[in-house]
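The values are calculated or read from the model by the stated rules, or taken from the named source; none is laboratory data. Keep in mind that this is a model prediction, so the values were computed, not measured. Here Cβ is always computed from backbone atoms with ideal geometry, including for glycine, and neighbour counts include all displayed protein chains.
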Amino acid sequence: MEQLRQKAFEIRKYILKSLTAAGSGHAGGSLGLADIFAVLYFHQLRHRPQQPDWPQRDRLVLSIGHVAPVLYATLALAGYFPTEELLQLRQFGSRLQGHPGREHGLPGIELSAGSLGQGLSVALGMALADKMDQNDRRTYCILGDGELQEGSVWEAIMAAAHHRCHNLCAVVDRNGLQIDGSTEAVMQLEPLAEKWRSFGWNTLEINGHHITEIKEAFAKAEMEKQKPTVLIAKTIMGKGVSTIENDYRWHGKAPSEQELPLFLNELKNSLGL
Amino acid sequence: MNEFQNKGDKASRTGFGEGVKLAATKHKQLVGLGVDITQSVGMHFFAEAFPERFLSLGIAEQNAIGVAAGLALSGKIPVFATYGVFAAHRAADQIRISLCYNNLHAIIGGAHAGISVGPDGATHQALEDIACMRVLPNMTVISPCDATQASLAVQQAVESLTGPVYIRFGREAVPDFTDEQQSFEIGKAQRLRAGKNLTIIATGHMVWEALQAAKMLEKSGIAAAVINMHTIKPLDEKACLQAARETGRIVTVEEHQITGGLGAAVAECCSSHAPVPILRLGINDSFGESGKPEELMQKHGLNSEGISAAITRWLNGELLP
């Protein structure tokens, strides 16, 4: 538990460092997902950082490619590649593309993605393949809440329930914000949990920063043997840095060189370090 | 010179479907995806033979392409077919990012290509699919000339390609005239007829019509070579340049807009290395409409008479704007 909190802190630290080095990128969503990524990569996923193509590995599809910094920071901390490489985020010739790109060879990237609304369908294809092969590994898909305004996501939601893909677990980053403002003002999503439930999903609503709640929800998802599971994870965009928290203007912004030490300091203090 | 005989009319969608089933017999990792019009696009041969490897996904093409990507990332070879208008356009972004950017081995069948679809009219007649698919990096685009080659094309696409593939085929029964034994190789054009005055480069069902047109032209003393350009991407550039250099004139024929399709691809290729006059025959910036296939082909000059007449007028300088 303490260890996972520590991991989440380190993930946030590297998100800020890499974004500052890049000079652009998406701080808000990346910071908001750090706790969930800490639980996934340091507790929940069966994976081998030294053998990224291990056939028995659980797979994680990042549908919201713009929060690549949280994935990169987590993968580096898990040992997929050196943390120094995180400072090459978004640079020419770098393996750390602005949105994940498999062809650039970064280990641990399951899908090149960045056009919203596509990831859940791909994750569903993976889950269906595993069902056919009777491979008991699991597929996870990280979705944004604003992304759910894309109609094709609901095609995938319908199909996953139809095919009883209990080996599929979606996580919705429910921070309530998108580029133009609050999701409810831009295009209402509520009642969101009811929508997923009525489409046939095992739907769990959790606090996306509460390590224990996150762990328990993933465990519950694994117990479900009929329906796919979605965790609607209530998060704070920019969590950990008060300047960024809940400010939609930080959706697609990076800290400046001047801001970085202040932000890192705040992170440390919040952890009581 | 080879004379091609019609072995009997057969729809290329049937050939495609038979090819999928044959490929599936050999390749256990082949998975079929259906979006409600399974029989109409020839996928029922596979679905009936291998129900455990057939996934019904409902009328939801965008999701189907994503599912295909996920299957391909899991070692499967997904084959997804629907009407070309829906395959190439409804799911265009999914094809671009989930399939092409990830460079995944998946076969997309685009059925009901061209106006020969007939009475269903404009919404169901794919006339821009080649254009949209051939600009995508990593994509292979195939437009087989008959049922025999539609079957060979999908089998070869499953067996020897490694990236995304778009195969377009027609609805109507049309002459099935190629030989199964004849060497069909994706990316390699077939010169079906020699001639010194010009070369007709055709694709899809138009290859048969081009062969008949060449016979008509012969009677008026025009020796037209005919090339079956079954693969539009990667284009057999050597064959195009050879045709340009040897015959000095090229005519392209396709059941597709004359912008963006086969004609455009041939013109792009020749303009760099062997610029010769090129007449592009096809659909000229219009939608299709209802009618009997033969009525529509007649209207757009896409039968042998129309092709030979256009060529004659072109040679006489009558098509100048």
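List of remarks:
- Strands (runs of 3 or more DSSP E) wholly inside segment B:166-284 containing at least 1 residues that are touching a helix residue (DSSP H, G or I) at 6+ places or on another chain (Cβ under 8 Å), without any contact (Cβ under 8 Å) to a residue 60 or more places away in the chain and surrounded by 21 or more Cβ atoms within 10 Å (Cβ to Cβ): B:198-202, B:224-228, B:250-257, B:278-283
- Residue in segment B:303-321 that is crowded, with 17+ Cβ neighbours inside 10 Å, in contact with an Asp or Glu (Cβ under 8 Å, 6 or more places away or on another chain), assigned to a strand (DSSP E or B) and not polar (S, T, N, Q) present: no
- Of all the residues in segment A:70-95, those that are β-branched (Val, Ile, Thr) and surrounded by 24 or more Cβ atoms within 10 Å (Cβ to Cβ) number 2.
- Residue in segment A:152-166 that is farthest from B:Gly66 (Cα to Cα), counting only those that are assigned to a helix (DSSP H, G or I) and at the interface with another protein chain (Cβ under 8 Å from one of its Cβ atoms): A:His162
- Put simply, of A:Cys169, A:Cys141 the only residue that is crowded, with 24+ Cβ neighbours inside 10 Å, more than 13 Å from chain B (Cβ to nearest Cβ) and not aliphatic (A, V, I, L, M) is A:Cys169.
- Residue match in segment B:89-100 (condition: touching a residue at least 60 places away in the same chain (Cβ under 8 Å), away from chain A (no Cβ under 14 Å), out of contact with any strand residue (DSSP E or B) (no Cβ under 6 Å at 6 or more places or on another chain) and not β-branched (Val, Ile, Thr)): no
- Against the list (1) over 17 Å from A:Ala156 (Cβ atoms); (2) small (Gly, Ala, Ser); (3) without any contact (Cβ under 8 Å) to a residue 60 or more places away in the chain, the condition B:Gly84 fails is (3).
- Residues of segment A:102-114 that turn out to be more than 7 Å from every other protein chain (Cβ to nearest Cβ) and free of Cβ contacts under 8 Å to residues at least 40 places away in the same chain, as a count: 4
- So A:Leu120, is it assigned to a strand (DSSP E or B), touching a strand residue (DSSP E or B) at 6+ places or on another chain (Cβ under 8 Å) and at pLDDT 95 or above: no
- Scanning segment A:115-131 for residues that are facing chain B (nearest Cβ under 7 Å) and either under 13 Å from A:Val67 (Cα atoms) or without any contact (Cβ under 8 Å) to a residue 12 or more places away in the chain (or both) gives A:Ser115, A:Gly125, A:Ala129.
- Members of segment A:247-258 that are surrounded by fewer than 16 Cβ atoms within 10 Å (Cβ to Cβ) and part of a helix (DSSP H, G or I): A:Arg249
- Residue check for B:Ala69: buried (at least 19 other Cβ atoms within 10 Å of the Cβ), closer than 17 Å to B:Val165 by Cβ and within 11 Å of chain A (Cβ to nearest Cβ): yes
- Tally, over segment A:38-62, of residues that are more than 13 Å from A:Tyr80 (Cβ to Cβ) and either in contact with a helix residue (DSSP H, G or I) (Cβ under 9 Å, 6 or more places away or on another chain) or part of a helix (DSSP H, G or I) (or both): 9
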